[in-house]
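What follows is a set of notes on a single structure, which appears directly below.
Laboratory data are not the source of any read-out in this text; all were calculated from the coordinates shown. Note that the structure is predicted; figures quoted are calculated from it, not measured. Cβ placement follows ideal geometry from the backbone for every residue including glycine, while neighbour counts extend to all protein chains displayed.
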Amino acid sequence: MSPSEAVFAIICCQNGADPAVKAEVARDGWRLAYSRRGFLSFKKDSPGNKAVGRYDHQRLPRGVFVRTASWSLGLAKGEDAAANAKQAFAIIEQSGVKLPFDGVHIWPRDRVPVGKFDFEPGIDEVAMVVGEMLAPSLKQRGIITDERFNRVAKRGDRILDIVLIEPSQWAIGWHPVPKLTGNHANSTLPTMWPGGVQPIKSPGEVISRAYFKAAEAIAWSGFEMRTGDMAIEVGASPGGACSLLLEMGLNVIGIDPAEMDEEVLEHQNFRHIRALAGEVPRTEYEGAKWLLVDSNVRPDQTLATVEQIVTHRDSTIEGMILTLKVGGIAHADRIDGWVRKVRSWGATDVAVRQLARSKIEVCLVARMRGR
Ligand SMILES: C[S@@+](CC[C@H](N)C(=O)[O-])C[C@H]1O[C@@H](n2cnc3c(N)ncnc32)[C@H](O)[C@@H]1O
């Protein structure tokens, strides 16, 4: 047997972010094997040569635009769902992978870009039908221990992944949910969510889809936002994110020259500063612990504004969540420069991710040292 054997990984990303994924995982030696928009598979030589052992030598590909990454087991492509299921069982049982898995996640690739035709990523009706058909048999065959599919995984779980590239073409894989704890634990939170999309429902109709974007960003940041903390959002209108922060019990200042939604304006814990961030006196930021920025301006301008706020000697900001508009996927190579800039302010735990519910923009989170 050869001393090295190829391992295959499958990745889902936002439809349209594919070129950026290819570029970022190529840096770690992953070579493209197959791709459709929103779905890619890669291979890499591994020094191990046993079915399971070879995974131990490799880390799954990761990157800003990688929404999910799984070890690939194979592809099922049949006449109908029953034929696909039969192929899937054979692929899994013959792969030599350790069974059973702790659960199964089943989701479609993003067939259109997020926001186009109001498209939102996540579990769709076809995935539900496939899950209902497949999960009981997976349990019966001893492939999974829990027949409830698309449950949020627990730390340390091993999850079977089925990506519906098309309703009749399924990529089969699996991924481990890291056991990490500490500040970095939440950076692996999306590995617990089915298809890397946070399962979240709002208590009512949302003011803007920024509500969901902020929920995902806050969960992923790992920031310990508590009742009574003060948060400032720059670029707050119409108020989706502010309404979430208010629901969480925070005191919120929204900075934006545009109008805020009535419901947010009337909330007793909300104050609107109707101005551009650059015009707001420093004293308004005093006592604020969390800074969110979601203004529709160039990243350079966003970073210049944030630098003034967080590097001021009286700043009390402990964590920041910034939306940075990439301005076209071809400009994704600017991200490293933005990270260097934020680090130069003394920030730590800087992380960047294209949120599942973001459009062509990335979310940068960072903590300010010693605060
Ligand atoms: C994408 S919207 C924000 C959505 C909002 N976060 C929500 O949750 O509904 C972008 C906003 O940024 C505001 N904006 C642009 N430049 C700004 C600046 N320099 N200071 C404050 N707000 C700004 C715009 O007026 C616009 O309302």
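Work out how far the C-alpha atoms of the range 168-241 reach from end to end along every principal axis, then list the three figures in whole Å, largest first.
Result for the range 168-241: principal-axis Cα extents of 42, 36, 21 Å.
What's the magnitude of the charge dipole for the chain around its Cα centre, counting Lys and Arg as +1 and Asp and Glu as -1 at the beta-carbon? Answer in Debye, nearest 20. Write out the running numbers ahead of the final one.
Working: 47 positive and 45 negative charges, 319 e Å.
In debye, rounded to 20, the chain gives about 1540.
With 10 angstrom as the radius, rank Glu361, Glu259, Glu266 by how many other C-beta atoms surround their C-beta, starting from the fewest.
Numbers: Glu361 17, Glu259 12, Glu266 9.
Lowest to highest Cβ neighbour count: Glu266, Glu259, Glu361.
Cross-link list Lys201/Lys359; Lys116/Lys201; Lys22/Lys116; Lys43/Lys179; Lys86/Lys179; Lys44/Lys86: which exceed 31 angstrom alpha carbon to alpha carbon? Spell out each step's value before the answer.
On the way: Lys201/Lys359 20 Å; Lys116/Lys201 21 Å; Lys22/Lys116 23 Å; Lys43/Lys179 25 Å; Lys86/Lys179 33 Å; Lys44/Lys86 28 Å.
Pairs exceeding 31 Å: Lys86/Lys179.
Given a Förster radius of 51 Å and the C-beta distance between Glu132 and Ala330 as r, what FRET efficiency does 1/(1 + (r/R0)^6) yield to the nearest 0.05?
Values: r = 41 Å, r/R0 = 0.80.
Once the sixth-power term is evaluated, E becomes 0.80.
How much mean residue ellipticity at 222 nm does the chain get from its helices, if each DSSP H run of length 4 or more adds -39500 (n - 2.57) and you divide by all residues, to the nearest 500 deg cm²/dmol? Spell out each step's value before the answer.
On the way: 9 runs with 88 residues, N = 371.
That calculation yields -7000 deg cm²/dmol at 222 nm.
Could you give the length gained on full extension between Ser202 and Lys116, defined as 0.36 nm per residue of separation minus the Cα-Cα distance, in nm? If you can, show how the numbers build up before the last one.
Working: separation 86, 0.36 × 86 = 30.96 nm, distance 2.14 nm.
Full extension of this stretch gives 28.8 nm more.
Could you tell me what percent of the DSSP beta bridges with both partners in the chain are antiparallel, to the nearest 5? Walk me through the intermediate numbers first.
Details: 43 of 67 bridges.
Bridges in the chain are about 65 percent antiparallel.
Less than 12 Å apart at the alpha-carbon level, and either on another chain or at least 8 residues along: which aspartates and glutamates does that give for Lys139?
Correct list for Lys139: Asp102, Glu147.
Based on the Kirkwood radius over alpha-carbon pairs, what value in µm²/s does the Stokes-Einstein equation return for the translational diffusion coefficient of the range 5-196 at 4 °C and 1.567 mPa s?
Values: Rh = 16.7 Å.
Estimated via Stokes-Einstein, D reaches 77 µm²/s.
For the range 85-100, what does the Karplus curve 6.51 cos²θ - 1.76 cosθ + 1.60, with θ = phi - 60°, yield as ³J(HN,Hα) per residue in whole Hz, taken in order and with x for Gly and Pro?
4, 4, 4, 4, 4, 5, 4, 5, 5, 8, 6, x, 6, 5, 10, x
Taking 0.36 nm per residue of separation and subtracting the Cα-Cα distance, what length does fully extending Arg369 through Ala90 add? Don't jump to the answer; show the numbers that get you there.
Details: separation 279, 0.36 × 279 = 100.44 nm, distance 5.16 nm.
Stretched out fully, the Arg369 to Ala90 stretch lengthens by 95.3 nm.
Rank Ala33, Ala351, Ala332 by mean-square fluctuation in a GNM of the chain with C-alpha springs under 10 angstrom and give only the top-ranked residue.
Fluctuation is largest for Ala33.
Figure the gain on full extension for Ala219 and Ala82 (residue separation times 0.36 nm, minus the Cα-Cα span) and round it to one decimal in nm. Walk me through the intermediate numbers first.
Details: separation 137, 0.36 × 137 = 49.32 nm, distance 3.75 nm.
Here the segment from Ala219 to Ala82 would lengthen by 45.6 nm.
How far is the Cα center of the range 283-301 from the Cα center of the range 217-266, in Å?
The range 283-301 and the range 217-266 have Cα centres spaced 12 Å from each other.
Restricting attention to the alpha-carbon atoms of the range 308-360, what are Rg (one decimal) and Dmax (integer), both in Å?
Gyration radius and largest Cα-Cα distance of the range 308-360: 12.7, 38 Å.
Per residue of the range 320-335, in order, report the coupling 6.51 cos²θ - 1.76 cosθ + 1.60 (Karplus, θ = phi - 60°) as ³J(HN,Hα) in whole Hz, putting x for Gly and Pro.
Per-residue couplings from phi come out as 10, 10, 10, 8, 10, 6, 6, x, x, 5, 5, 9, 4, 6, 7, 4 Hz.
Once the convex hull of the alpha carbons of the chain is built, what does its volume come to per residue, in cubic angstrom?
Working: hull volume 52.0 nm³, N = 371.
Cα-based convex hull of the chain, divided per residue, equals 140 Å³.
If we count every other residue with Cβ under 11 angstrom of Ala366's Cβ, Lys/Arg +1 and Asp/Glu -1, where does the sum land? Provide the component values of the computation, followed by the final result.
Values: positive: Lys341, Arg343, Arg367, Arg369; negative: Glu318, Asp349.
My count for the surroundings of Ala366 gives +2.
What distance in nm lies between label points placed 7 Å from Cα along the C-beta direction at Glu307 and Ala33?
Distance between the two pseudo-spin positions: 4.4 nm.
Under unit Cβ charges (Lys, Arg +1; Asp, Glu -1), what dipole magnitude, rounded to 20 debye, does the range 210-368 have relative to its Cα centre? Let's see the in-between values first.
On the way: 17 positive and 23 negative charges, 133 e Å.
Magnitude of the dipole: close to 640 debye.
Mind checking which of Ile159, Ile329, Ile172 has the largest fluctuation in a GNM of the chain, springs on alpha carbons under 10 Å?
In this elastic network of the chain, the residue with the biggest mean-square fluctuation among Ile159, Ile329, Ile172 is Ile329.
Between Gly78, Gly115, Gly337, which gets the highest mean-square fluctuation from a Gaussian network model of the chain, Cα cutoff 10 Å?
Of Gly78, Gly115, Gly337, the most mobile in the Gaussian network model is Gly337.
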